[in-house]
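The structure appears below as structure tokens.
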Amino acid sequence: MTHSIGQTGVSAEDLQRYFDGELTGAQAQELASLVDASPELSAEIRQLQRMGSLVRDTLRHEAQSIPSARFEQVWDEIEHAIDIRADEREPQPSLWARLWESLRPARIPLIATLGAAALALILVRSGSEDPEPVASVEPPVPNPVAVPESPRAPVLPPTTAEPAVGAEIHDLQFGGKTGRIARTGTVTVLYVEEDLEPKQSERSL
Amino acid sequence: MRPQEADDHALVAACKAGDRDAFQVLYQRYHRRVFAVAHGFLRNSEDALDVVQEAFIKVHRALPGFEGQSSFYTWLYRIVANLCIDHLRRSSRKRGVTFDDRFRQDTSEAVAELQASSLGDPSRAVKNKEIVTAVATSLTELSDKHRAVLVMRELEGLSYTDMAKAMNCSKGTIMSRLFHARKNMQRLLKMRLDHLPADVDGNVDSMTEEPAS
């Protein structure tokens with residue numbers, strides 16, 4: 001809806017746009033000429049100026065009337081919010097790190113106590129158990145007499161003694177029979193079977 | 001150069017480098033101006049102070065991304081205007097129902113300043129007081145949208161384009177709102193000030209005259 005101002009033929013909307021600096025060059029110049037020539041339009045422009053001035057002054061007076069202390073309180077709140085955000089941005093330590101940090105005053109006594117307890121436990125346990133046999137380190141002993149296992153091999157009687165290093169076995173009991181093993185580099189093993197038809201086998205080792 | 005004397009650009013650069021003092025200088029420089037805008041929009045001192053607080057917190061967060069294509073205050077103003085518009089959208093306050101007693105007191109203090117400049121002329125002081133009260137009350141009685149465009153235009157001189165962006169509407173809508181906001185303001189002021197004599201300052205009567213139409 002167009003509101004024409006008096007007999008000027010200028011709409012109130014156009015005059016407002018001119019007043020607010022929203023008209024382009026040619027339009028602005030044309031309206032400026034009309035305003036200069038028309039007391040009615042000039043009065044309208046002055047009213048717009050005065051209203052703007054009153055609104056501006058009133059708002060500024062209101063702002064000036066707030067005590068500085070109130071704005072300082074607002075600043076404190078702003079700083080607080082900034083600090084909280086800064087804390088949030090820093091990486092949070094893990095639960096263990098926080099626990100470790102909280103134990104800082106008691107750290108050394110705690111470590112000393114735990115160490116002493118562990119030592120005492122070790123001592124108590126070692127005192128209550130039988131001493132383990134000391135393993136003797138013996139040089140590897142080449143067994144001069146190797147008796148290969150055979151499913152048909154007879155079980156030696158427990159009386160059979162292990163040969164000592166370098167010893168010659170001159171007398172072995174095999175099921176009541178006797179034999180002899182010579183140290184000539186070749187060992188001959190006799191397998192004796194209790195079959196009805198005993199057979200002999202030889203094996204060079 | 002002391003921070004208080006530094007220009008906005010230097011202060012913004014210092015803020016980006018983590019200088020809290022520089023940010024405080026920016027706050028001290030603009031807090032009342034920001035409050036004036038917020039109070040103009042919201043007509044409530046505590047709401048306006050909340051917006052001041054929220055605006056500066058937002059500015060501090062967004063400073064690393066501020067490239068300085070506009071002035072610091074223009075950027076700050078946009079943030080404040082958007083916060084106020086959001087606040088008004090959320091607000092369920094009814095026009096003319098609420099009147100802030102604090103504001104009434106503030107207005108009296110503002111009038112005291114006018115009285116001090118009245119050179120002891122009682123009639124002039126009374127008239128100034130009535131004018132300030134009338135303007136403040138009339139602003140409160142305008143619709144949120146009319147008041148918003150009036151404040152943006154009269155206090156900060158925003159263009160229609162900038163106001164349209166801020167209020168998320170067309171330029172034509174802004175022009176129409178501003179036109180009606182001014183008309184309503186004139187009507188409200190005339191209603192309140194019509195009884196005043198015309199010879200003091202020469203402003204009131206001419207301002208409240210209904211324009212010929």
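The values are calculated or read from the model by the stated rules, or taken from the named source; none is laboratory data. All figures in this text were calculated on a predicted structure; none of them were measured in a lab. For neighbour counting, all protein chains shown are included, and Cβ atoms are generated from backbone atoms with ideal geometry for every residue, glycine included. Just the protein is used for accessible areas: all its heavy atoms, side chains included, with ligands, DNA and RNA removed. Shrake-Rupley method; radii C 1.70, N 1.55, O 1.52, S 1.80 Å.
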For region B:162-189, name all the residues that are within 11 Å of chain A (Cβ to nearest Cβ) and open to solvent by 60 Å² or more (accessible area, probe 1.4 Å). B:Lys171, B:His180
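Yes/no matrix, rows are residues, columns are (1) exposed (fewer than 11 other Cβ atoms within 10 Å of the Cβ); (2) within 30 Å of B:Ala55 (Cβ to Cβ):
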{"position": "A:Ser38", "(1), (2)": "no, no"}
{"position": "A:Leu41", "(1), (2)": "no, no"}
{"position": "A:Gln47", "(1), (2)": "no, no"}
{"position": "A:Ser65", "(1), (2)": "no, yes"}
{"position": "A:Glu88", "(1), (2)": "yes, yes"}
{"position": "A:Leu114", "(1), (2)": "yes, no"}
{"position": "A:Ala118", "(1), (2)": "yes, no"}
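Right, B:Val132: assigned to a helix (DSSP H, G or I), modelled with pLDDT of 90 or more, touching a helix residue (DSSP H, G or I) at 6+ places or on another chain (Cβ under 6 Å) and facing another protein chain (nearest Cβ under 10 Å) or not? Please lay out each step first, then the result.
Numbers: assigned to a helix (DSSP H, G or I): yes; modelled with pLDDT of 90 or more: no; touching a helix residue (DSSP H, G or I) at 6+ places or on another chain (Cβ under 6 Å): yes; facing another protein chain (nearest Cβ under 10 Å): yes.
No; evaluated as a whole, the condition is false for this residue.
Take region A:56-101 and flag every residue that is small (Gly, Ala, Ser) and within 11 Å of another protein chain (Cβ to nearest Cβ).
Of the residues in region A:56-101, the ones small (Gly, Ala, Ser) are A:63, A:65, A:68-69, A:81, A:86, A:94, A:97.
Of everything in region A:56-101, those that are small (Gly, Ala, Ser) and within 11 Å of another protein chain (Cβ to nearest Cβ) turn out to be A:Ala63, A:Ser65, A:Ser68, A:Ala81, A:Ala86.
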Look through region B:194-213, keep the residues that are open to solvent by less than 20 Å² (accessible area, probe 1.4 Å) and facing chain A (nearest Cβ under 10 Å), and return whichever of them is modelled with the lowest pLDDT. B:Val204
Quick check on my filter: what residues within region B:1-14 are under 28 Å from B:Arg153 (Cα atoms) and assigned to a loop (DSSP other than H, G, I, E, B)? B:Asp7
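Residues checked against (1) within 27 Å of B:Val151 (Cβ to Cβ); (2) within 13 Å of chain B (Cβ to nearest Cβ); (3) open to solvent by less than 40 Å² (accessible area, probe 1.4 Å):
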{"position": "A:Gln7", "(1), (2), (3)": "no, yes, no"}
{"position": "A:Asp14", "(1), (2), (3)": "yes, yes, no"}
{"position": "A:Tyr18", "(1), (2), (3)": "yes, yes, no"}
{"position": "A:Ala28", "(1), (2), (3)": "yes, no, yes"}
{"position": "A:Val35", "(1), (2), (3)": "yes, no, yes"}
